[in-house]
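The values are calculated or read from the model by the stated rules, or taken from the named source; none is laboratory data. All figures in this text were calculated on a predicted structure; none of them were measured in a lab. In this analysis, Cβ positions are derived from the backbone assuming ideal geometry, glycine residues included, and neighbour counts consider all displayed protein chains.
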Amino acid sequence: MTAPLTSPHATQHAPEPAYAISTRGLTKSYPGPEGTLTHAVRDLDLDVPQGETFAFLGPNGAGKSTTIALLCALARPTAGHATVAGADVLTQPHQVRQQVGMLFQHSAMDPDLTADQNLYIHARLYGLRRRHARRRATEVLEMVALTDRRSSPVRTLSGGMRRRLDIARGLLHAPRVLFLDEPTTGLDPYARAQVWEHLRALRDRYGSTLFVTTHYLEEAENCDRIAIIDRGRLVAQGAPAALKAAIGDDRVVLRTSDDATARRVVRRTAPSNCVITVDADGVCLRAPDGSTWIPRLCAALEGHGVAVHAASATAPTLDDVFFHHTGRSLQATQPARTSATTPIPRASTAEADGGP
């Protein structure tokens, strides 16, 4: 049986804080040229309830990793304050580090040691006694379904297995908050699905608070709430569905035989406040209840001798939300990868993780 997820450092009967993470005016600045300041994070206000899966969504360089460093008490803020698991990052940094786990962008495992050896060493570094360290290594391997690979050198594990092992390392000291910085970068869609399946199980089973940074839209959809950060500033936050609903209008795309003429016709037919553009997809516009506009637009185009080859109406996406708040597409800022727009399937943890 797996032991309850309780911290070896936790004070008995300590009151639960109102939020797992809370910040007010959190700022991190660096000296710039000619006496100026560069703001990596600026005036950040966040409240993350206990047990929530929370995503920090933004492009590379937006300030996501800097924020995690501040919240883990690995860097000092220039201004503002923050509490994590009830401890202040400025006045109680040691308590903060005892209460948080961290999944880095790059693995901290020694590839020549076995999974079990790696976990034992890290448990000892966390301050666990020998017997407790061995027991916790066994427990966290069970949590991430890697018990059968405990004696395998890390270099023989697949990418998904290694990432799950990194998650196990972050759980060794039973943290109340687990920070995951770009948790599935470089993994294929199936491995990403398995990582998220295990993260959901950890949250549901133990009430863990998960704080995820990502620039992948499909990962943010897995979270209870997201905050969009751009150039160090928080520009929007809320549940994914609520943020998309706030955009309101659907995206209507028409592929026609004459896009230039079609644009003029659509401008006269569509609602007067619509923004109409022409790009590689065709003639694009935003309209409420977009599907109801398609027959009217097609009829108008046919009346002007313009053939419509295809028409579609799609609800707003998180990329639309990002564009609405920043004027830029987040999708366009993502590094190229084959699976960038592939939805994450819900994989069973019992399924194979692929060959070594």
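Against the list (1) at pLDDT 90 or above; (2) surrounded by fewer than 16 Cβ atoms within 10 Å (Cβ to Cβ); (3) in contact with a Leu (Cβ under 9 Å, 6 or more places away or on another chain), the condition Arg268 fails is (3). Taking every residue in the range 29-40 that is in the same structural domain as Gly63 (by TED's automatic domain parsing) and pairing it with any residue that is aromatic (Phe, Trp, Tyr), at least 6 positions away or on another chain, the pairs with Cβ-Cβ distances below 9 Å are Leu37/Tyr30; Thr38/Tyr30; His39/Tyr30; Ala40/Tyr30. Can you find, within the range 296-339, the residue that is modelled with the highest pLDDT among those that are surrounded by fewer than 13 Cβ atoms within 10 Å (Cβ to Cβ) and under 20 Å from the mean Cα position of the chain (by Cα)? That would be Ala332.
Of everything in the range 175-198 that is under 11 Å from the mean Cα position of the chain (by Cα) and touching a residue at least 60 places away in the same chain (Cβ under 8 Å), the residue that is nearest to His215 (Cα to Cα) is Glu182. Residues that are assigned to a loop (DSSP other than H, G, I, E, B), of a type in the set (Val, Ile, Thr) and buried (at least 23 other Cβ atoms within 10 Å of the Cβ) are absent from the range 189-211 altogether.
From the list Asp88, Asp112, the lone residue that is out of contact with any Phe, Trp or Tyr (no Cβ under 6 Å at 6 or more places or on another chain), closer than 14 Å to Val154 by Cα and acidic (Asp, Glu) is Asp112.
Reported count of residues in the range 276-299, each being out of contact with any Asp or Glu (no Cβ under 8 Å at 6 or more places or on another chain) and not β-branched (Val, Ile, Thr), is 11. Contact map, the range 199-222: first residue on the phi > 0 side of the Ramachandran plot and assigned by TED's automatic domain parsing to the domain that holds Arg176, second residue of a type in the set (Gly, Ala, Ser) and outside any helix (DSSP H, G or I), Cβ cut-off under 8 Å, separation 6 or more or different chains; pairs are Gly207/Gly51. Filtering the range 9-39 to residues that are modelled with pLDDT of 95 or more and either outside any strand (DSSP E or B) or in contact with a helix residue (DSSP H, G or I) (Cβ under 8 Å, 6 or more places away or on another chain) (or both) leaves Ala20, Ile21, Thr23, Leu26, Lys28. Based on this model, can you work out whether Val100 counts as of a type in the set (Val, Ile, Thr), in the same structural domain as Val48 (by TED's automatic domain parsing), closer than 23 Å to Phe56 by Cα and touching a Lys or Arg at 6+ places or on another chain (Cβ under 9 Å)? Criteria met by Val100. Taken over the range 257-298, residues that are among the β-branched types (Val, Ile, Thr) and in a helix (DSSP H, G or I) amount to 6. If only residues of the range 202-247 that are under 16 Å from the mean Cα position of the chain (by Cα) and among the basic types (Lys, Arg) are counted, the one that is nearest to Thr78 (Cα to Cα) is Arg225. Here Val154, Val177 are screened, and the one residue that is under 28 Å from Gln50 (Cβ atoms) and either surrounded by 19 or more Cβ atoms within 10 Å (Cβ to Cβ) or in contact with an Asp or Glu (Cβ under 6 Å, 6 or more places away or on another chain) (or both) is Val177.
Let's see how each residue does on (1) at pLDDT below 95; (2) assigned to a helix (DSSP H, G or I):
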{"residue": "Leu128", "(1), (2)": "yes, no"}
{"residue": "Glu139", "(1), (2)": "yes, yes"}
{"residue": "Glu142", "(1), (2)": "yes, yes"}
{"residue": "Ala145", "(1), (2)": "yes, no"}
{"residue": "Ser151", "(1), (2)": "no, no"}
{"residue": "Arg155", "(1), (2)": "no, yes"}
{"residue": "Arg163", "(1), (2)": "yes, yes"}
{"residue": "Arg169", "(1), (2)": "yes, yes"}
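For the range 86-124, a residue qualifies if it is over 16 Å from Leu172 (Cβ atoms) and either among the polar types (S, T, N, Q) or surrounded by 23 or more Cβ atoms within 10 Å (Cβ to Cβ) (or both), and the qualifying residues are Val89, Thr91, Gln92, Gln95, Val96, Gln105.
Results for (1) hydroxyl-bearing (Ser, Thr, Tyr); (2) part of a strand (DSSP E or B); (3) at pLDDT below 95, shown as yes or no for each residue.
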site	(1), (2), (3)
Gln50	no, no, yes
Pro59	no, no, yes
Ala62	no, no, yes
Thr66	yes, no, yes
Leu90	no, no, no
Arg97	no, no, yes
Gly101	no, yes, yes
Gln105	no, no, yes
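The sole residue among Arg233, Arg255, Arg251, Arg263 that is within 18 Å of His309 (Cα to Cα) and touching a residue at least 60 places away in the same chain (Cβ under 8 Å) is Arg251.
Is it fair to say Ser107 is more than 27 Å from Asp204 (Cα to Cα) and among the small types (Gly, Ala, Ser)? In short, no.
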